[in-house]
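Read the figures in this text as sums done on the coordinates, not as results from a lab. A quick note: this is a predicted structure, and the numbers were derived from the prediction, not measured. For neighbour counting, all protein chains shown are included, and Cβ atoms are generated from backbone atoms with ideal geometry for every residue, glycine included.
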Amino acid sequence: MVDSLPQWLLDVLGQDVQFWLGYLTNGKHLNWYASVQYTLAAGVLGALVALVLGTLAATARNSRSAPVRVLGNIYTSVLPGVPDVLFFLFFPLAFEQAVEWVRAQAICSPSDLGSGHWPPCPDANLILGTPEYLILAAVSLGIVYGAFAGNVIAGAMNAVPKGQLEAARAFGMSPLQVMTRIHIRQMWVYALPGLSNVWMLLFKSTSLLSLLQISDIVLWADRLGAPNFSRSAGFVHPDWRWAYYLILLIFYIIITFISEKVFAALTRWAGRGMATAGAV
Amino acid sequence: MPKFLLAAAALALLASTAAAAPVRLATEGAYAPYNFIDEASGKPAGFEIDLGNELCKRAGLECTWQTNDWDSIIPNLVAGNYDAIMAGMSITDERKQTIDFTQNYLPPDPSYYIVRSGTALDFAALSGKNIGVQGGTIQAGYVQETFGGSNTVKSYGTADQALADLNAGNLDVILADASYVNDVVAGSGGAVEKTGPEVKLGNGIGIGLRKSDEELKQKLNATIDEMKKDGSLDALIIKWFPDKAPGPIFAGG
Amino acid sequence: MGALAAIANDIVLLAKPALFNIYFALVSIPTGFVLAVFMALGKASSNPIISRLCRGYIYAFRGSPFFIQLFMFYSLLLSLNLSVWKPLGLDTIVLNPLILGPAVLALNTTAYTANILHGALMTVPRGEVEAARAFGMSRFQQFRTVIWPNVIRLAWPAYTNEVVFMFHATALVYLTLPVIDDQLDLMNKAGTLFEKDYNAFLHYPVAAMYFLVISAAIFFGFGRVYRHLMRHLPRPPAMRFAPRWMR
């Protein structure tokens with residue numbers, strides 16, 4: 001990396017700066033920078049899942065069928081009572097074991113099934129790598145924060161003035177049309193502040209990815225900052241972890257700042273033409 | 001529910017296409033010189049990576065490396081996230097209840113104590129000290145058993161995290177494998193030093209495998225045998241652990 | 001062993017670990033609350049320097065994950081150990097997870113709680129404050145008899161949620177800090193049990209049940225306090241049992 005710079009620039013920079021440039025662009029550091037993609041991917045994918053599940057849950061809570069209502073209510077009120085980190089560790093494991101169980105019933109011989117081994121036979125074994133874990137991580141975040149989003153969206157749907165829905169019905173719209181064209185469209189203005197909150201919570205939870213063996217920014221920060229006294233492992237240095245974690249902290253604060261700006265713009269956009277305090 | 005099944009099917013498909021894939025070797029990547037992340041390339045390197053690659057070449061296997069935290073390295077092997085562990089893992093009876101091992105590729109290595117330079121400890125009557133270990137290692141079990149009652153045992157995720165605490169004075173002593181200790185003491189510039197008695201633990205270091213992988217075990221055992229006999233394993237050991245020179249370690253034995 | 005017996009067994013095994021989570025919460029939440037009152041007043045201060053500092057503190061702690069805050073404070077305090085804590089003889093206190101864990105939890109909840117209290121402070125009816133001033137009350141009297149009772153009533157529902165979240169955050173302490181001897185909290189213990197028999201469907205749900213039950217107890221207890229706070233109203237409002245999303 002540093003070698004590719006022109007000689008005159010190297011002369012200007014001097015030995016120290018050259019060394020640090022080289023150190024901060026070595027393979028291990030490049031891995032760290034690249035691992036931001038996992039954090040961002042898990043955040044965005046998780047948010048999409050949460051949005052879909054939240055909308056479904058809110059609709060379920062307003063459903064005419066009592067079992068569906070109960071299901072929606074259980075989802076949105078029980079799941080937030082469990083720490084996100086617990087569900088985050090539980091769901092991928094549970095999902096993997098459940099799929100393996102289903103596969104085992106189909107693939108394994110009866111003698112294997114009774115053997116007490118897990119998985120019963122090697123063919124039923126699910127092989128998961130980083131991409132699969134990333135998807136599972138995002139889905140677990142989506143499920144946890146989907147419950148939060150469900151509460152927000154249900155509240156927002158109740159906040160839509162009843163008169164607007166009645167007017168739409170009076171125009172002869174079908175219930176589905178009222179739902180999609182008026183109810184959900186109007187709901188966003190009321191839901192956005194709460195959804196912004198949920199997004200911030202969800203994104204902060206992406207710091208847990210390393211618990212699922214995804215080599216994310218937190219894992220690399222720990223590995224880079226940990227003291228190294230072994231010459232064969234590279235540059236010998238004392239414990240620098242706090243500095244690396246400080247950078248992560250600043251990274252998350254910057255994302256929070258950007259998110260706030262984006263949601264403020266979204267709120268203005270969603271509220272255009274509406275007489276709310278948010279729309280100026 | 002259909003959604004769940006669909007996702008399950010998608011994952012199952014992913015998994016079955018990957019089933020024909022190469023042998024996946026897992027290492028910790030934080031225990032130099034056994035295994036560590038090479039700074040320049042950002043990839044796993046060290047004695048076990050060299051050895052693993054050579055074993056695979058000789059056995060005609062295609063191998064890939066991945067890193068996994070130490071504390072979940074056995075559960076994830078059992079869960080099938082990879083096929084073999086080469087991470088300085090000692091062969092012990094307790095681990096053998098869960099997983100299988102090949103024959104050892106490193107003879108039993110003593111464990112050493114490290115302290116901040118100038119610390120004198122009376123190991124016959126150690127009390128009120130903070131002793132650091134990497135959680136889930138043979139040293140952790142030994143320290144808990146030997147010093148547990150009258151001292152505080154602190155477990156860390158990686159050996160380097162324990163080292164950070166020792167260096168910062170939050171620990172009085174660490175117990176770790178001799179080769180790790182030697183490497184660290186040599187590179188510390190006099191900050192830490194070896195002390196006290198050697199502790200002999202474990203039955204050497206082997207490759208951890210699932211109990212069902214008999215075929216892979218036999219293949220690897222045969223290749224390790226071959227490398228022990230022709231002296232190439234000795235050469236590799238001496239390359240990464242200069243204190244073991246001049247040998248012989250396995251050759252001719 | 002039947003399923004019920006296995007569950008009962010896990011409930012017993014996880015009882016002691018649960019005490020660690022409860023201890024973390026019991027120490028950090030009151031500490032954080034007291035600090036948050038000052039932080040909220042600081043944010044509302046007319047002194048621009050104090051106000052900016054408090055705003056910055058609240059923004060930084062709310063804007064970053066608690067998981068990383070724990071990591072950072074531990075390694076930061078560790079790096080000061082030889083130069084600061086050792087000479088003062090404080091090293092065993094400062095770096096003890098049983099002290100450091102609640103301390104970082106308290107710093108974190110201070111920020112969230114201060115934000116809630118500040119929001120409430122901004123919505124105290126202006127007329128009541130003016131009336132108090134017209135009575136010739138001192139600033140402290142105004143705060144004690146008019147502003148504070150309003151603030152706490154307005155803030156209580158949101159604060160209840162914050163307390164539940166804080167209790168959940170205790171699950172992260174021992175995933176981050178070194179574990180001393182066999183002091184395992186709910187998450188560690190569930191993880192250790194899982195590594196023995198790979199039964200994810202048993203150990204994690206039982207740990208989750210502990211969190212659910214304690215969360216419900218918090219909602220119940222705080223709901224009773226809310227009823228007490230609102231006793232002047234003809235019909236005290238019922239506290240919604242379900243956790244809200246606000247944080």
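Here the extension length gained between A:GLN164 and A:SER65 equals 33.2 nm, from 0.36 nm per residue of separation less the Cα-Cα distance.
Take the Cα of B:LYS211, step 7 Å toward its Cβ, do the same at A:LEU266, and the gap between the two points is 5.0 nm. Screening chain A for whole DSSP H helices with an alpha carbon extent of at least 18 angstrom along the helix axis and a mean Kyte-Doolittle hydropathy of at least 0.0 yields A:7-24, A:36-61, A:84-107, A:130-159, A:184-205, A:241-270. Would the range B:14-104 count as rounded, prolate or oblate if I go by the C-alpha gyration tensor, calling it rounded below 1.5 in a/c and otherwise prolate when a/b exceeds b/c, oblate otherwise? Rounded, since a/c falls under 1.5.
For chain A, what does the alpha-carbon gyration tensor say about shape, rounded, prolate or oblate, given a ≥ b ≥ c as the root eigenvalues, a/c under 1.5 as rounded, and a/b over b/c as prolate? Since a/c reaches 1.5 but b/c is at least a/b, the shape of chain A is classed as oblate.
Under 1.5 on a/c is rounded, so check that first for the protein assembly as shown, then, if it is not, pick prolate when a/b is larger than b/c and oblate when it is not; a ≥ b ≥ c are the square roots of the alpha carbon gyration tensor eigenvalues. Prolate, because a/c is 1.5 or more and a/b exceeds b/c.
By the Cβ distance rule of under 4.7 Å, the protein assembly as shown has these cysteines without a partner: C:CYS54. Ranking B:ASN170, B:ALA186, B:PRO197 by how far each Cα lies toward the positive end of the dipole of the range B:110-200 (charges on Cβ) leaves B:ASN170 at the top.
Working from label points 7 Å from Cα in the Cα-to-Cβ sense, the A:TRP101 to B:ALA59 distance is 3.3 nm.
Other residues with beta-carbon under 11 Å from the beta-carbon of C:ASN188 carry, at +1 per Lys or Arg and -1 per Asp or Glu, a net charge of -3.
In whole angstrom, the range C:3-229 maps to an equivalent ellipsoid with semi-axes of 38, 24, 13, each derived as √(5λ) from the alpha carbon gyration tensor and ordered largest first. Note on C:181-194: average number of Cβ atoms from other chains within 10 Å of each residue's Cβ is 3.
Ordering B:94-104, C:186-196 by mean Cβ neighbour count within 10 Å, with the highest value first, yields C:186-196, B:94-104. Per-residue mean of foreign Cβ neighbours for B:159-166 is 6 (Cβ atoms of other chains, 10 Å radius). Packing-based ranking of B:216-223, C:48-55 yields B:216-223, C:48-55, ordered from highest to lowest mean Cβ neighbour count within 10 Å. Working from label points 7 Å from Cα in the Cα-to-Cβ sense, the A:ILE253 to A:ASP16 distance is 2.6 nm. Charged neighbours of A:ALA233, selected by a Cβ distance under 11 Å, balance to -1 (K, R count +1; D, E count -1).
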